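Participant: Take a look at this one; I'll ask things after.
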Amino acid sequence: MDDHDHSHPHPAAADEAPPGYYEIMETAIRELLIEKKLIAPGEIRRQIEVLDSRTPALGAKVVARAWVDPGFRARLLTNGRAACEELGISFYDDTQLIVLENTDKVHNLIVCTLCSCYPRPVLGLPPDWYKARPYRARAVREPRKVLSEFGTEIPEDVEIRVSDSTAIQRYLVLPQRPAGTEDFTEEQLAAMVTRDAMIGVVKVNLEHRIDS
Amino acid sequence: MSQTEHLLKTLPNDIGGLPADRIERIDHELEPWEKRCHALADVLDFHKIISTEEKRRGVESLGAELIGKLTYYERWVVAFANILFQKGILTPEELAKKMDEVERRQAE
């Protein structure tokens, strides 16, 4: 055998690691389901495009509209999904959305203690900390302490309500509009609303404003 | 509550209210295969092949040790395989053969 003829496959370049066991399993399952015509080849790619199109900017648009339009706010609190669809945000799954309004008396926090359920059509995919054990375990037992670890101090006379999501029931927090934003346009308001404010772990404040 | 009573009443994913570490605000950009895995989960749900709740129970049935050792999307892909076997949609043998084929092809 020629010294230069390797019978084994060349190892991939260092910056391009070979696919791992679970990645190979994912590819194999997908290809088998396509071969069996249970899913169509383009469906996964199209769904990746849908996932990529969902970011907290959509939720921020919903929040800003609710702040400037009392009629929309009322509809949003009555039926979150229908009101989001009114703004052209489609729900690609069977989930329902309950929007929880923060007030001077109540601060809302959302969690999924069992897994990682999250209002994906309006916020995109959840951050890793939302899916990790410490947040899931502790948010329902000691929310004030959890909030303080996010730098959020809620006064003792404000009730904290924690809502635990399920596979079909998701929540979105409608944060309080900060004082001093009376002259802001809807776009300026939306630019202040962060993902974490819509999970309820932080408040919206003027420092979050993204100046264009 | 005895130790076994606790194990009986709470499954591995049922951790709401348990003591846990301080929150670290971790996050990462999904790897391409992780995003494909997420899209696959959605498509399986659309076609009522595996619903979101079936997937969650599929992860639960992996048991505490495996749940603790696999990453988030690794748990999903293993749960998909097990559920598809249980439903008779795939067999372990055809998945093993296809995985060998994928591995050979990607090594080329």
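The values are calculated or read from the model by the stated rules, or taken from the named source; none is laboratory data. Quick caveat: nothing in here was measured; it's all calculated off a predicted structure. Methodologically, a virtual Cβ is constructed for each residue, glycine included, from the backbone with ideal geometry; neighbour enumeration extends over all protein chains shown. Note: accessible area is taken over every heavy atom of the protein model, side chains too, but ligands, DNA and RNA are not part of it. Shrake-Rupley method; radii C 1.70, N 1.55, O 1.52, S 1.80 Å.
Participant: When only residues in the range A:139-166 that are part of a strand (DSSP E or B) and within 14 Å of chain B (Cβ to nearest Cβ) count, which is surrounded by the fewest Cβ atoms within 10 Å (Cβ to Cβ)? First the steps, then the outcome.
Facilitator: Initially, the range A:139-166 is screened for residues part of a strand (DSSP E or B), giving A:159-164.
With the extra rule that they be within 14 Å of chain B (Cβ to nearest Cβ), the set shrinks to A:162-164.
On the way: A:V162: 18, A:S163: 19, A:D164: 16.
My answer is A:D164.
Participant: Output the number of residues of the range A:77-121 satisfying the condition of being within 14 Å of another protein chain (Cβ to nearest Cβ), farther than 22 Å from A:V146 by Cα and touching a helix residue (DSSP H, G or I) at 6+ places or on another chain (Cβ under 6 Å). It would help to see each step written out before you state the result.
Facilitator: Filtering the range A:77-121 down to residues within 14 Å of another protein chain (Cβ to nearest Cβ) leaves A:90-96, A:109-121.
Still in the list and also farther than 22 Å from A:V146 by Cα: A:90-96, A:120-121.
With the extra rule that they be touching a helix residue (DSSP H, G or I) at 6+ places or on another chain (Cβ under 6 Å), the set shrinks to A:91-92, A:96.
Number satisfying all stated conditions: 3.
Participant: When the range B:54-108 is examined, which residues are found to be of a type in the set (F, W, Y) and either in contact with a Leu (Cβ under 6 Å, 6 or more places away or on another chain) or facing another protein chain (nearest Cβ under 7 Å) (or both)?
Facilitator: Within the range B:54-108, the subset of a type in the set (F, W, Y) is B:72-73, B:76, B:80, B:85.
Scanning the range B:54-108 gives B:Y72, B:F80.
Participant: I've got another one for you. Looking at the range A:96-112 only, could you name the residues that are within 24 Å of B:E54 (Cβ to Cβ) and surrounded by fewer than 22 Cβ atoms within 10 Å (Cβ to Cβ)? Give the derivation first.
Facilitator: Just the residues of the range A:96-112 that are within 24 Å of B:E54 (Cβ to Cβ), to begin with: A:96-98, A:110-112.
Within the range A:96-112, A:Q96, A:I98 meet the criteria.
Participant: Sticking with this one: Mind checking which residues of the range A:167-178 are in a loop (DSSP other than H, G, I, E, B) and at pLDDT 95 or above?
Facilitator: Let us first name the residues in the range A:167-178 that are in a loop (DSSP other than H, G, I, E, B), namely A:167-168, A:175-178.
Selection gives A:P175, A:Q176, A:R177, A:P178.
Participant: Still on this model: Given the criteria more than 12 Å from chain B (Cβ to nearest Cβ) and open to solvent by 30 Å² or more (accessible area, probe 1.4 Å), does A:T194 qualify?
Facilitator: It is true that A:T194 is more than 12 Å from chain B (Cβ to nearest Cβ) and open to solvent by 30 Å² or more (accessible area, probe 1.4 Å).
Participant: List the pairs whose first member sits in the range B:51-71 and is under 15 Å from B:D14 (Cβ atoms) and crowded, with 17+ Cβ neighbours inside 10 Å, whose second member is modelled with pLDDT under 95 and among the hydrophobic types (A, V, I, L, M, F, W, C), and whose Cβ atoms are under 6 Å apart, counting only residues at least 6 apart or on separate chains?
Facilitator: Final answer for the pair search is B:R56/A:C115; B:E60/B:L11.
Participant: Run B:N13 past the list (1) more than 8 Å from every other protein chain (Cβ to nearest Cβ); (2) at pLDDT below 95 and report the number of the one that doesn't hold.
Facilitator: Unmet for B:N13, out of (1) more than 8 Å from every other protein chain (Cβ to nearest Cβ); (2) at pLDDT below 95: (1).
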